[in-house]
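Asks: Would you mind keeping the following structure in view while I ask a few things?
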Amino acid sequence: MIAQQAYQLTALGGAGNYILSGCINTSGNNWSSGWVVISGEMLPFTGGVGTLTGNVRIVETKEAVIAGYETYHDVYVRRTVEFGTNVGGTNTHVWNTFTRVKSNIELAAQSATKEELLELSYLMMPKGSIIDFDVINNVIPNGFHEADGSFIEGYGWLPDRRKRVSVGRDTRINQSQATNVTDLTENYGVAGSTGGRPNVLLTGKQSGIQKHRHGIAGTDGNDQSSTKGREMNPNPDSTEDYGNQTKYIDNADALEAHENRMPYYVACVIVKVV
């Protein structure tokens, strides 16, 4: 397992110093032996007395080999790690720069399955979720896209939420169940339907000014002081003359549209696409 861990570290580039096993502070400044990796090289650590802020060094010992009648010097070179500092600081490292690597058992115990990670992502925010986002430096988070109606590979057509607010869907109403013009026009039963206008030009009925007529003070026979002419005929379509001058006021539509929007704040509407 130690060799496998060392290989994994080397495969990742071998940069940095690591503790593979052992090297435990047993009591005070006493450390147990173990195995470490320094710049991709796996080496035994002899243990001993030392502090976290102290140094450890690589020590080389060489052994000779006798073969027949000949002695071959420095054939075996053994490298170990111990507390201390080499002359000139070569092959010397600060002990607290070593990172302890978790064993495969520890990693397996702490890892989540693909299914668990997927469920977690659903709990956090499922695909298709829409939120208002206050864009910083015009950067949208990874996994999201502005809801601008564009096509995204792997997702499909995005909703176009530019200049629009949401209204809750009412599944009791759809095209086949619509019973009146309002149902068909608004179509609240189908997600993605749109409606509403930012400005509205009121009609006569909406404004409250409807067809009617006024009588203007005039004569009624020989009675010059008649007040009939000042009365309003309750029936605008009547031909009865209330005075010798009768003025008609027809339905009156508004000449200018009025603001139809609530106070608003512009945010970037984004949708989760993964």
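Values in this text are rule-based calculations from the coordinates and carry no lab data. A quick note: this is a predicted structure, and the numbers were derived from the prediction, not measured. We place every Cβ from the backbone using ideal geometry, glycine too, and count neighbours over all the protein chains shown.
Asks: Amide H neighbours of ASP160 under 5 Å, counting only residues 5+ apart in sequence or on other chains, H built in-plane at 1.01 Å?
Replies: Result for ASP160 returns GLY149.
Asks: Still on this structure: When a footprinting reagent is the concern and you count Cβ atoms within 10 Å, what order do ASP134, ASP148 take, fewest first?
Replies: On the way: ASP134 8, ASP148 14.
Going from least to most buried by this count: ASP134, ASP148.
Asks: Residues with amide H under 5 Å of SER21's amide H, sequence separation 5 or more or different chain, H placed in the peptide plane at 1.01 Å from N; which?
Replies: Counting only residues 5 or more places away or on other chains, the set is TRP35.
Asks: Let me ask you something else. In whole Hz and in residue order, list the ³J(HN,Hα) couplings for segment 131-146 that follow from phi through the Karplus curve 6.51 cos²θ - 1.76 cosθ + 1.60, θ = phi - 60°; x for Gly and Pro.
Replies: 9, 7, 10, 7, 4, 10, 6, 6, 9, 9, x, 4, x, 10, 8, 4
Asks: How about segment 52-123: which trypsin sites (Lys or Arg not before Pro) there are in a DSSP loop, with at most 13 other Cβ atoms within 10 Å of their Cβ?
Replies: Details: sites: ARG57, LYS62, ARG78, ARG79, ARG100, LYS102, LYS114; in loops: LYS102.
The qualifying sites are LYS102.
Asks: Something else about it: For segment 30-87, state which chymotrypsin sites (Phe, Trp or Tyr not before Pro) are in a DSSP loop and have at most 13 other beta carbons lying within 10 Å of their beta carbon.
Replies: Working: sites: TRP31, TRP35, PHE45, TYR69, TYR72, TYR76, PHE83; in loops: TYR69.
Sites meeting the loop and neighbour criteria: TYR69.
Asks: I've got another one for you. Fewest first, what order do PHE151, PHE133 take by the number of other Cβ atoms within 10 Å?
Replies: Values: PHE151 8, PHE133 14.
Lowest to highest Cβ neighbour count: PHE151, PHE133.
Asks: Let me ask something else about it. Counting only Cα atoms, I'd like the Rg/Rh figure for segment 2-108, Kirkwood definition for Rh.
Replies: On the way: Rg = 15.9 Å, Rh = 15.1 Å.
Rg divided by Rh gives 1.05.
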